[in-house]
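Heads up, the thing below is written out as structure tokens.
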Amino acid sequence: MREDGGSEILLDVMGLDVSFQTRRGDVRAVNGISYCVRRGEAHGLVGESGGGKSVGVHAIMGLLGTSSRVNAGSALFEGRDILRLKKGELASLRGREISMIFQNPSSYLDPVFTIGSQMIETIRAHDRSISKGAARSLSEDMLWEVGIRDPERRMRQYPFELSGGMSQRVMIAIALLCKPKLLIADEPTTALDVTTQAQIIRLLKNLQSRSGMAMLYITHNFGIVAELCDRVSVICGGYIVEQGSTDDIFYGAAHPYTQALLKLIPRIDSPKNEPAPSIGGPPVDSVSLPKGCVFRKRCPFRMDICSRDFPPRINLAPYHSANCWLLELGKELPGDGQNG
Amino acid sequence: MDKMGDTPLLKIEKLKKYYEIRNKARGKSILRAVDGVSLNIGRRETLGLVGESGCGKTTLGRAILRLTEPDGGSITYDGRDITHINMFPYRSRMQIVFQDPSDCLDPRCRIGDIIAEGVDAKAPKLSKSERRDMIYGLLETVSLAPDCAHRYPHELSGGQQQRVGIARALAVAPEFIVCDEPVSALDVSYQAQIIELLQDLQERLGLTYLFISHDLSVVRRMSDRIGVMYLGKLVELAKAEDVVFHPAHPYTRALIEAIPAPDPKTARERSRTHADDRADPGIPDKGCRYCRLCECAVPVCHIDEPELTSVSPGHFCACNLGHKQ
């Protein structure tokens, strides 16, 4: 594990605030989140579905629809604010500097083109000077790199001929074709079964350590974070409620929401008759976002103050912080013992 | 295992389902999706079935209900051979809950109407108010508010949709339910709730489950016994605790290792070498089906296909090395 200071900052997101206009009113999906990804580092964004983790990242990449609005914030990538780039500038950044892989690979591959033609097109879209033949051999090398056995045959196949795990490997290969500095992975293994998931995670880990690329990994599964990430931001209801190194979060979780999420990790060795862990109550409704702490309705330790104001950010250690009134008031967290 | 004492509710013997695959380049070939699987399920028991996608566990579940016709073997339900009979009288006794609730609920039907189909089939002569009470009762059984009956599937969350899928299966008052990956499409926090609901229903209504999932940690939470499938064969069958804590088959051990580590320390300890992920096994012509990926394979594994044999009381494993490893 890297020291806390870490390397140079590659992507610095500050105060990002995104909302959607709907008939029910504005949905405040992301509320001033800040995080940074350093060179060569894997940063995990963790939270339940509907928590705003995907929206926060899609906004940076300019992938949100017309009903969305970025109200405030900046996202500096190597010093340039990508939220204020022109369309063309953003297009040349995407794919070349920042690539993305998604949850459901089969819906992102074009069903009417072969894998090969999609890969060659990707390379040539970014650099016309590369010949088709050169692009083909680059693509085959990349397929081999991501663990595909017979690249020549796969290049001629259509997406429907591939299994889920194979499609995800192809997606990763396409994402890496232009050697990006940052790979954004939006729940890439959620649709896969555990054995394939384990393979994809090992693959990403290897590729990352070999190429030194940074990674922003969105997931709801803390088990994957333990395997893959150096640093973690926990998102709840569009707010970041805790941030820290992976060890800080796993062995010193300070926010009740983080603790609840950690208990949801599927464990094979837990006693059978113990009730299945769950976070009581429904996730936050972002239309009528409550005043005060977003987690308070489901929090086992809620106090009066929690419904009045959003808790301030408390620094617990260098680079480890959490937003919770319990910490501000200096109260011991009853559930903390089992994590420490 | 007192549940196993009397005659099993369901007994399948050497069940087979083959598919013919036509491929322009390679011509016809046969995919042995389920290849001679035998097992029993006792009354009120939950048998878990794990394996990776493509191992035939869903096909097996569907073949038991004869939603797909088996190509060989026999199915005995409650003492009667149902392999070739008309299934109609059995449809109300054997039900299924599917993986993706949004796919299997008609988007144009209100929730109430979806559930009503089962109610009407079971009790066609109900008065209007009895029928309505029945529907509300079913919604209550799965912890949904009665006003859900007037909503459409897309208005519900994934967890709520899966509850509707369960209520629909319960509408005909079945005794046996095949749960085909009922929680795989759901968020972690909803997964736990659905598992709890299924366990609670089993206790209240005396249900018997065949619980299919690729996730061993989920299966284990639900099941009394677990069967592990690999490429159409059952490779291990034992009490849930034995499968998890004393796995006998190398493939079962690989499945357990594939579960992400619960914390960073374990993850770092675990980062050792793994078999080449490039291996694309397919079913070998002879020998053990797992031999090409198996870390303990010996020459005999490439020649003899092992049968499911007992390694200790109630613990069966199909491995040439048996319990000797």
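The values are calculated or read from the model by the stated rules, or taken from the named source; none is laboratory data. Note that this is a predicted model, so its numbers are computed, not measured. Cβ coordinates were reconstructed from backbone atoms using ideal geometry, including for glycine residues, and neighbour counts include every protein chain displayed.
Just so you know, in the stretch B:237-259 the residues that are among the aliphatic types (A, V, I, L, M) and more than 12 Å from every other protein chain (Cβ to nearest Cβ) include one that is farthest from the chain's Cα centre (by Cα), and it is B:Ala248.
Selection of the stretch B:237-261 for residues being farther than 20 Å from A:Thr196 by Cβ and not small (Gly, Ala, Ser) yields B:Leu237, B:Lys239, B:Glu241, B:Asp242, B:Val243, B:Val244, B:Phe245, B:His246.
Please go through the stretch B:226-278 and give me each residue that is β-branched (Val, Ile, Thr) and either at pLDDT 90 or above or closer than 28 Å to A:Trp144 by Cα (or both), ordered by number.
Start the filter on the stretch B:226-278 by keeping residues that are β-branched (Val, Ile, Thr), which leaves B:226, B:228, B:235, B:243-244, B:252, B:256, B:259, B:266, B:273.
Those that are β-branched (Val, Ile, Thr) and either at pLDDT 90 or above or closer than 28 Å to A:Trp144 by Cα (or both): B:Ile226, B:Val228, B:Val235, B:Val243, B:Val244, B:Thr252, B:Ile256, B:Ile259, B:Thr273.
Applying the selection to the stretch B:137-186, what residues are of a type in the set (S, T, N, Q) and under 23 Å from B:Glu45 (Cβ atoms)? The answer is B:Thr141, B:Gln162, B:Ser184. Here B:Ser143 clears all of (1) within 14 Å of chain A (Cβ to nearest Cβ); (2) under 27 Å from B:Phe88 (Cβ atoms); (3) touching a residue at least 40 places away in the same chain (Cβ under 8 Å); (4) not basic (Lys, Arg) except the condition numbered (2).
Exactly one residue out of B:Asp120, B:Asp106 is surrounded by fewer than 19 Cβ atoms within 10 Å (Cβ to Cβ) and either assigned to a helix (DSSP H, G or I) or hydroxyl-bearing (Ser, Thr, Tyr) (or both): that is B:Asp120. Looking at the stretch A:79-95, which of its residues are part of a loop (DSSP other than H, G, I, E, B) and more than 19 Å from the chain's Cα centre (by Cα)? If the condition is that a residue be part of a loop (DSSP other than H, G, I, E, B) and more than 19 Å from the chain's Cα centre (by Cα), then A:Gly79, A:Leu85, A:Lys86 are the ones that fit. The residue list A:Gln199, A:Gln157, A:Gln208 contains one member that is touching a strand residue (DSSP E or B) at 6+ places or on another chain (Cβ under 6 Å), within 14 Å of another protein chain (Cβ to nearest Cβ) and over 25 Å from A:Glu48 (Cβ atoms), which is A:Gln208.
Looking at (1) out of contact with any Pro (no Cβ under 9 Å at 6 or more places or on another chain); (2) under 30 Å from B:Arg289 (Cα atoms), which is the one condition that is false for B:Tyr190? Of the numbered conditions (1) out of contact with any Pro (no Cβ under 9 Å at 6 or more places or on another chain); (2) under 30 Å from B:Arg289 (Cα atoms), the odd one out for B:Tyr190 is (2).
Outside any strand (DSSP E or B), under 16 Å from the mean Cα position of the chain (by Cα), more than 13 Å from chain A (Cβ to nearest Cβ) and over 30 Å from A:Thr258 (Cα atoms): is that true of B:Ile177 in this structure? The answer is no for B:Ile177. Please work out if B:Val228 is among the β-branched types (Val, Ile, Thr) and within 11 Å of the chain's Cα centre (by Cα). Answer is yes for this residue.
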